[in-house]
Amino acid sequence: AEQPSTLSHMAKRVNAILTQDVPDEPFPADGKAAWRRLMRGNRHFVRGDMVRYLRNMADEINATARKELTTGQHPYATIITCSDSRVSPEIIFDEGLGEIFIIRVAGNVVDKIALGSIEYGVEHLHTPLLLILGHQGCGAVTAAMQEGPEPSPGIAAILKKIKSAAAESLDKYSWETEKEQALDHAVQLNALETMQDILNQSEVCKRLVDEGKLLIKVAEYYLDSGKVVNLDTTDAMDEIGSQGSNASNASNKSNKSDKSNKSDKSNKSDKSD
């Protein structure tokens with residue numbers, strides 16, 4: 001057991017950490033700056049930088065911060081990800097309350113209700129970034145790749161959305177001998193197809209991309225390493241057909257438009273780690 005003197009020293013050290021001033025993160029000027037901020041936070045998470053994490057949390061979830069948030073929210077990113085309890089965007093990206101607008105559904109698929117939430121985030125809350133985040137070992141994708149008992153109607157609706165990505169992956173990899181590769185490939189294709197669905201079904205998102213006001217990113221979160229890895233939409237979407245490529249082109253257009261809107265001020269302030 002820890003000695004009282006040791007516990008006292010630890011308590012003092014934690015208190016010193018929590019009372020240090022935390023420099024304010026600059027609000028991202030555009031989608032690319034928002035993406036850099038997310039990835040910077042993910043690096044903190046991967047490193048297990050608990051000192052920085054505690055300082056950030058102390059600054060972002062205290063009573064003052066909560067009171068300020070009662071007047072409204074101003075998140076800088078909209079994220080659609082899986083309901084999986086192992087995938088918590090605020091923790092993965094080292095963020096607190098009011099920073100990211102999150103839609104969670106098993107398999108990170110979209111229907112009209114999920115699209116409505118996405119549109120609220122990107123149009124009404126004006127988040128310059130939309131991230132579709134799949135993850136390693138997704139149970140919904142795994143279920144879509146295997147034959148099993150007839151699922152309930154609600155679960156069947158989710159699996160139906162994922163079946164095309166599952167079939168595409170199984171054309172390339174053997175489930176019996178290459179299960180890990182097959183599942184990971186299907187997870188990536190499914191996330192990319194979700195981007196395609198959003199651009200095909202949401203006039204709001206398509207318009208904002210065309211106007212250069214919205215950057216769409218697709219990424220995968222790895223449970224074992226904690227890393228979030230950006231998926232190259234240009235190469236990956238080629239694998240799911242010409243319709244997917246059209247969605248990729250729209251996403252790439254948002255990347256290009258985002259570059260032209262970037263300010264030097266936001267670029268300099270965002271380099272700090």
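Of the residues LEU54, LEU18, LEU38, only one is modelled with pLDDT of 85 or more and either assigned to a helix (DSSP H, G or I) or among the hydrophobic types (A, V, I, L, M, F, W, C) (or both); which?
LEU38
Among SER83, SER88, which is the only one that is within 20 Å of ARG37 (Cβ to Cβ), open to solvent by less than 80 Å² (accessible area, probe 1.4 Å) and among the hydroxyl-bearing types (Ser, Thr, Tyr)?
Only one candidate qualifies: SER88.
Within region 109-131, is even one residue β-branched (Val, Ile, Thr), surrounded by fewer than 15 Cβ atoms within 10 Å (Cβ to Cβ) and outside any loop (DSSP other than H, G, I, E, B)?
Checking region 109-131: at least one residue is β-branched (Val, Ile, Thr), surrounded by fewer than 15 Cβ atoms within 10 Å (Cβ to Cβ) and outside any loop (DSSP other than H, G, I, E, B).
Could you list, in sequence order, all residues of region 25-67 that are open to solvent by 50 Å² or more (accessible area, probe 1.4 Å), touching a residue at least 12 places away in the same chain (Cβ under 8 Å), more than 16 Å from ILE91 (Cα to Cα) and over 18 Å from the mean Cα position of the chain (by Cα)?
Passing the criteria: GLU25, ALA29, ARG66.
Assess whether THR71 counts as being open to solvent by 60 Å² or more (accessible area, probe 1.4 Å), among the β-branched types (Val, Ile, Thr) and either touching an Asp or Glu at 6+ places or on another chain (Cβ under 7 Å) or not in a helix (DSSP H, G or I) (or both).
Here the answer is yes, as THR71 does meet what is asked.
Within region 146-157, is there a residue that is crowded, with 18+ Cβ neighbours inside 10 Å and hydrophobic (A, V, I, L, M, F, W, C)?
No, because not a single residue in region 146-157 is crowded, with 18+ Cβ neighbours inside 10 Å and hydrophobic (A, V, I, L, M, F, W, C).
The values are calculated or read from the model by the stated rules, or taken from the named source; none is laboratory data. Here the structure is a predicted model, which means the values were calculated and not measured. Quick reminder, even Gly has a Cβ in these numbers, built from the backbone with ideal geometry, and neighbours come from all protein chains shown. In case anyone asks, the SASA skips ligands and DNA or RNA and just uses the protein heavy atoms, side chains included. Shrake-Rupley method; radii C 1.70, N 1.55, O 1.52, S 1.80 Å.
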